[in-house]
Amino acid sequence: MLIETRHLKKYFAVGRNQQLHAVDDVSLSIKANEILGLVGESGSGKSTFGKTLAGLLPRTSGETFYQGQPLPEKFSARDHLKYSRELQMIFQDPYSSLNPRMTVLDIVGEGLHIQGQHSRQQIRDEVASWLTQVGLNADHMSRYPHEFSGGQRQRIGIARAMIIRPKFVVCDEPISALDVSVQAQVINLLDQLKQSLGLTLLFIAHDLSMVRYVSDRMAVMYLGTVVETGPADEVFFNPLHPYTQLLIESNPEPDPDFERARQHQPIRGEITSPINIQPGCRFADRCPKALPVCKHENPPTIEPAANHIVTCHLFS
């Protein structure tokens, strides 16, 4: 495995004797050259998991391994310098993730500059090459972020992550702020880079159809925990967990006539507070199939089919 987490937890102190359980006991593994899609509602902990995995947030407990070697609990400046060559991140918001006071040359070339192994001319050449690869012009390097559209800014963010030639990239909803036509362009770009560089990706998104399209495997996250994992097509077309089933039912169909005619069962209620979570299934209060045991006992993790894992009392 290229990346693996074991019982990873990330809590935030939000008051006296109160903790927000953003990521709670997550064990996942990602093979080399694989795309793992991570889906779930807003507030499920997807972005926090990605940032913790990339070392941008210190973990509360648990273990994280890269190529079989344990990663530090909290990255020091030296750790960031070492692992930034291997682990990178593409951020969700293309507007706030780029420094408005830096030119594109400085933004994209910063990683090479920090490494201190390239001359100024070499950095310029590399930046020009990568701007071309992501569909921009080399003469754009003298411009500032405010001079670009959202799709162009996201391409700059992709170039910034890829110029280091990392092995693993966390894509934190890289298309959510973009128009549909631009989304397709960014997805195709990421696929091309995956093939040419042999990348491994954690692809975080809300759009289940898009995640199924780009991912080899899919993981479904709810309130800090992973409730289902499996091959992307298997999870999408044969969901086991009630939460996954409702997520997929709520996914809009491209055919407007079919979309208007089909029956919808929306997920009732709001996502439960992640502060000081009590034992029991976290989806029980919203689940149409909840059993009495779901209210007070944590559900078991079961593998009903090959490589298809679900955490639910219905399968125990």
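The values are calculated or read from the model by the stated rules, or taken from the named source; none is laboratory data. Given the structure is predicted, the values throughout are model-derived calculations rather than measurements. Neighbour counts run over all protein chains shown; Cβ positions are idealised from the backbone, glycine included.
Structure data summary
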{"item": "Subset of the stretch 293-316 that is under 27 Å from the mean Cα position of the chain (by Cα) and among the hydroxyl-bearing types (Ser, Thr, Tyr) - its residue that is surrounded by the most Cβ atoms within 10 Å (Cβ to Cβ)", "result": "THR311"}
{"item": "Qualifying residue in the stretch 71-93 (condition: farther than 22 Å from MET1 by Cβ and in contact with a strand residue (DSSP E or B) (Cβ under 7 Å, 6 or more places away or on another chain))", "result": "yes"}
{"item": "Elements of type strands (runs of 3 or more DSSP E) contained in the stretch 1-78, each with 3 or more residues being hydroxyl-bearing (Ser, Thr, Tyr) and in contact with an Asp or Glu (Cβ under 9 Å, 6 or more places away or on another chain)", "result": "61-66"}
{"item": "Test result for GLN183, out of contact with any Lys or Arg (no Cβ under 9 Å at 6 or more places or on another chain) and free of Cβ contacts under 8 Å to residues at least 12 places away in the same chain", "result": "no"}
{"item": "Candidates ILE164, ILE156 - the one that is on the phi < 0 side of the Ramachandran plot and in contact with a Pro (Cβ under 9 Å, 6 or more places away or on another chain)", "result": "ILE156"}
{"item": "Residue list for the stretch 32-45, filter: surrounded by fewer than 24 Cβ atoms within 10 Å (Cβ to Cβ) and modelled with pLDDT of 95 or more", "result": "LEU36"}
{"item": "Positions within the stretch 107-125 being under 17 Å from GLN88 (Cα atoms) and either of a type outside the set (Gly, Ala, Ser) or surrounded by fewer than 15 Cβ atoms within 10 Å (Cβ to Cβ) (or both), in sequence order", "result": "ILE107, VAL108, GLU110, LEU112, HIS113, ILE114, GLN115"}
{"item": "Qualifying position, being under 17 Å from the mean Cα position of the chain (by Cα) and aliphatic (A, V, I, L, M), among LEU57, LEU81, LEU20", "result": "LEU57"}
{"item": "Qualifying residue in the stretch 81-97 (condition: in the same structural domain as LEU38 (by TED's automatic domain parsing), more than 23 Å from LEU36 (Cβ to Cβ) and in a helix (DSSP H, G or I))", "result": "yes"}
{"item": "Check on TYR144, outside the structural domain of GLN278 (by TED's automatic domain parsing), modelled with pLDDT of 90 or more and of a type outside the set (Lys, Arg)", "result": "yes"}
{"item": "Matching residues, the stretch 49-70, being surrounded by fewer than 21 Cβ atoms within 10 Å (Cβ to Cβ), out of contact with any helix residue (DSSP H, G or I) (no Cβ under 7 Å at 6 or more places or on another chain) and on the phi < 0 side of the Ramachandran plot", "result": "LYS51, LEU56, PRO58, THR60, SER61, GLU63, PHE65, TYR66, GLN69, PRO70"}
{"item": "Any pair with Cβ under 6 angstrom, 6 or more apart, that starts in the stretch 283-301 at a residue that is in the same structural domain as ILE267 (by TED's automatic domain parsing) and in a helix (DSSP H, G or I) and ends at one that is surrounded by 15 or more Cβ atoms within 10 Å (Cβ to Cβ) and among the small types (Gly, Ala, Ser)", "result": "ALA284/ALA290; CYS294/ALA284; LYS295/GLY280; LYS295/ALA284"}
